[in-house]
Amino acid sequence: MAHWLYKSEPSSWSWQQQKDAGAKGTEWTGVRNYLARNNMRAMQIGDKGFFYHSNDGLEVVGIVEVCALAHPDSTAKDDPRWECADIRAVRDMPNPVTLKDIKANPKLSQMALVTSMRLSVQPVTDDEWLEVCRMGGLDNPPA
């Protein structure tokens, strides 16, 4: 299993909206960056990820999982270059983990959220996954 981080502005798509989408989940649409698109192409069913509120909040607020593999992005208007994966909410992060706290943690100094801040869909290493989960109060994080 791989781990990911999905960034969303809460005014556009919030963690609450993601949870309200239920078990069916939603397409992670609108990504127009080749590296982020390629990250979605690499995803497998069941991969877990952090849901991160960008711009307003700047914190990891929940955990999601991939529920459909990469497919054409329905918002791409007949442009086959753009694909998306579908994700569904798994659980709230008991204690949201702020960007400030992530940046202050030496164990996370190489995390893509710190080094590639603008990338909307980012890989997360196993060690980073465990550390952010620990910081958020998840002693037994989903794999």
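The values are calculated or read from the model by the stated rules, or taken from the named source; none is laboratory data. Please read these numbers as outputs of a predicted model, since none were measured by experiment. Counting neighbours? That spans all protein chains shown, and the Cβs are built from the backbone with ideal geometry, glycine included. When the accessible area is computed, the model is the full protein with side chains, heavy atoms only, and any ligands, DNA or RNA have been set aside. Shrake-Rupley method; radii C 1.70, N 1.55, O 1.52, S 1.80 Å.
Pairs with C-alpha atoms separated by more than 30 Å, drawn from the list Lys77/Lys107; Lys77/Lys100; Lys48/Lys103, are Lys77/Lys107; Lys77/Lys100. Charged side chains reduced to their Cβ positions (Lys and Arg at +1, Asp and Glu at -1) give the chain a dipole of some 200 debye around its Cα centre. Using a Gaussian network model of the chain whose springs link C-alpha atoms within less than 10 Å, name the residue from Asp73, Asp92, Asp101 with the highest mean-square fluctuation. Among Asp73, Asp92, Asp101, the largest mean-square fluctuation in the Gaussian network model of the chain belongs to Asp101.
Considering only Val60, Val31, Val114, the Gaussian network model of the chain with Cα springs below 10 Å gives its largest mean-square fluctuation to Val114. Full extension of the segment from Ser11 to Lys103, taken as 0.36 nm per residue of separation minus the current Cα-Cα distance, would add 30.7 nm. Stokes-Einstein diffusion of the chain at 4 °C, 1.567 mPa s viscosity, Kirkwood radius from Cα pairs, rounded to a whole number: 86 µm²/s. Normalised by the number of residues in the chain, the average gap of Cα pairs under 8 Å and 6 or more apart makes the relative contact order 30 percent. When a 1.4 Å probe is rolled over the protein heavy atoms, the share of accessible surface on the stretch 3-135 that falls to carbon and sulfur comes to 50 percent. Taking every protein chain into account, the accessible area of the stretch 3-135 amounts to 50 square angstrom per residue (probe 1.4 Å).
From the protein chains alone at 1.4 Å, what is the descending order of accessible area for Arg91, Arg37, largest first? Display every interim value, and only then the final one.
On the way: Arg91 100, Arg37 25 Å².
Ranked list, largest accessible area first: Arg91, Arg37.
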